[in-house]
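One structure is given below, encoded as structure tokens.
Every number here is computed from the coordinates shown, using simple stated rules; none is lab data. Everything numeric in this text was worked out from a predicted model, so none of it was measured. In this analysis, Cβ positions are derived from the backbone assuming ideal geometry, glycine residues included, and neighbour counts consider all displayed protein chains.
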Amino acid sequence: MTGTDQDALSPILSRLRLTAAVATEAALCGGAWAVDTSGGHAGSFHLIQSGDCWLHLAGEAPRRLQPGDFVLFPRDAGHLLTPGEAVPRDVALNEPPPLVDGVPVTRMLCGHIDFRSRAVWPLLDSLPEALVIDLAGSAVGDARNLLNLLIGEAFAAHPGRRAVIDHLVHVLVVFALRQHIESGACVGLMAAMADPRLGRALGRFHAAPEARWSVGGLAREAGMSRAAFSAAFGETVGRTPMAYVAGWRMQMAVDLLTSTDMAVAQIAEAVGYDSEAAFRHAFRKVVGRPPGQVRRSAGPLDR
């Protein structure tokens, strides 16, 4: 994706409503430790400051991590970080051993992220369990500066520190997603966004989801015939174009129901429906519950 008209990612990212926190700065000494920060949040991350370690994910070969590596777990997958390629035995999880002079130390920032918007979940579902980017390498350019900024803010007492961390991690997430798209290893929605034609249609839809979209209209944006667009979209995304449109709109509606006091009629108009009755029918069909029930069930943190 090189042109602004093909940027299908930015409209989605604008809806992330991401919050982040650095939970700990770990100093891990020697060859007998293991870290797993998953559980309790939408996602988690590690930033390797110095030393190295190995990432273990179920069903995948161990991967070596080095200084400057940023590891994002978009769905909070269970994982292990260990000092060697083999997982040490009889080691207490998340309990750093004592520091010993002359023994190599691996230092890392560990944190978690939450995506408050349900509308981005189809994007998260199309990602691998872990995304790794090298912030210290030349391929990401000025991203290495983010490493230093995040480390500097992580445990400082500066005013506005939490907001700065949220924004820095948000940018790191964007870098990770961008690198994944450019790697050519995408599947699902990410693969569609990486495709020049499908990505152009998705970008136009996400920029104005309330517009009167049809398969023909999306196909015209992609520069394809209706039949070819439908086939390519379904094969890549795993859903028909209009099922995706309806699903995205309803996730937007869920966001509005649980985070605003907008009337249902206003929400219906905001997501592209001419009548409240048509919206209520479509909402129940896609979400499985009526709008009022979704709003009433929203917890205090969601509102």
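3J(HN,Hα) along region 262-272, derived from phi through the Karplus expression 6.51 cos²θ - 1.76 cosθ + 1.60 where θ = phi - 60°, amounts to 4, 5, 4, 4, 5, 5, 4, 5, 5, 9, x Hz, with x in place of Gly and Pro.
Loop-located GluC sites (Glu not before Pro) in region 200-264 (DSSP state other than H, G, I, E, B) with a sparse environment of at most 11 neighbouring Cβ atoms within 10 Å are absent. Computed with the Debye formula from one identical point scatterer per Cα of region 16-183, without solvent, the log10 of I(q)/I(0) at q = 0.08 Å⁻¹ comes to -0.23. Ranked from largest, the principal axis spans of the Cα set of region 191-297 equal 41, 22, 21 Å. What the Kirkwood sum gives for region 40-135 is a hydrodynamic radius of 14.6 Å, with every pair of different alpha carbons counted. Couplings 3J(HN,Hα) for region 220-227, derived from phi with the Karplus relation 6.51 cos²θ - 1.76 cosθ + 1.60 (θ = phi - 60°), are 5, 4, 7, x, 10, 6, 4, 5 Hz, where x marks Gly and Pro. Can you list, bin by bin at 5 Å, the percent of alpha carbon pairs in region 160-217, starting at 0? Here the calculated profile for region 160-217 is 4, 17, 17, 18, 15, 13, 10, 4, 1, 0. Calculated on the alpha-carbon coordinates, the convex hull of the chain measures out at 156 cubic angstrom per residue.
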